Amino acid sequence: MNLSNLKPASGSTKTRKRIGRGTGSGLGGTSTRGHKGAKSRSGYSKKIGFEGGQMPLQRRVPKFGFKNINRVEYKAINLDTIQKLAEAKKLDKVGVNEFIEAGFVSSKQLVKVLGNGTLTAKVEVEAHAFSKTAVAAIEAVGGNAVKL
């Protein structure tokens, strides 16, 4: 065996259909396009959503509302979650990195601390946003809310 007689395994390769090369090839004439009509012509392209002249779905359905492009999405984390995290890992400072390590948020998400639950541990909390009740609860136990 040498480089001159190497070939692919039998059945692993196929020859492509050569259409439009005369009637003798069996793929001449209409060249697999059928007879007449727009689809048989060169350069044919159908508009997206075209339904053969029937009023398309995106024009039949009523439109309402809008999507605010300036909306900022936050991942909500409550005080009781911070309490559990601080107790379990004996932390005095809880930041975004601790939330990522605990699996509450991904590295791309912004964190907002909400005031649901009770906080007894004195902790410094770092997050991108805080609710008023969360800040009040953190400072009531002697902690600190640091906005990033």
Scanning region 112-148 residue by residue, the ones that are under 16 Å from Gln83 (Cα atoms), part of a strand (DSSP E or B) and under 34 Å from the mean Cα position of the chain (by Cα) total 9
Please indicate, with yes or no, whether at least one residue in region 93-101 is at pLDDT below 95, in a loop (DSSP other than H, G, I, E, B) and under 32 Å from the mean Cα position of the chain (by Cα). yes
Restricted to region 58-103, and to residues that are aromatic (Phe, Trp, Tyr) and out of contact with any strand residue (DSSP E or B) (no Cβ under 8 Å at 6 or more places or on another chain), which residue is farthest from Glu139 (Cα to Cα)? Phe64
Would you call Ser40 surrounded by 10 or more Cβ atoms within 10 Å (Cβ to Cβ), modelled with pLDDT of 90 or more and either farther than 30 Å from Ala140 by Cβ or within 34 Å of the chain's Cα centre (by Cα) (or both)? yes
Is it the case that Lys46 is touching a Lys or Arg at 6+ places or on another chain (Cβ under 9 Å) and assigned to a loop (DSSP other than H, G, I, E, B)? yes
I need the full set of residues from region 37-96 which are farther than 30 Å from Ala129 by Cα and in contact with a Phe, Trp or Tyr (Cβ under 8 Å, 6 or more places away or on another chain), in order please. Ala38, Pro56
If I filter region 1-37 down to residues being outside any loop (DSSP other than H, G, I, E, B) and small (Gly, Ala, Ser), which single residue comes out as surrounded by the most Cβ atoms within 10 Å (Cβ to Cβ)? Ser25
Scan Met55, Met1 and give me the residue that is under 38 Å from the mean Cα position of the chain (by Cα), over 30 Å from Ala140 (Cβ atoms) and among the aliphatic types (A, V, I, L, M). Met55
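The values are calculated or read from the model by the stated rules, or taken from the named source; none is laboratory data. Remember, predicted model here, so these are calculated numbers, not experimental data. Glycine gets a Cβ as well: all are built from the backbone with ideal geometry, and neighbour counts include every protein chain shown.
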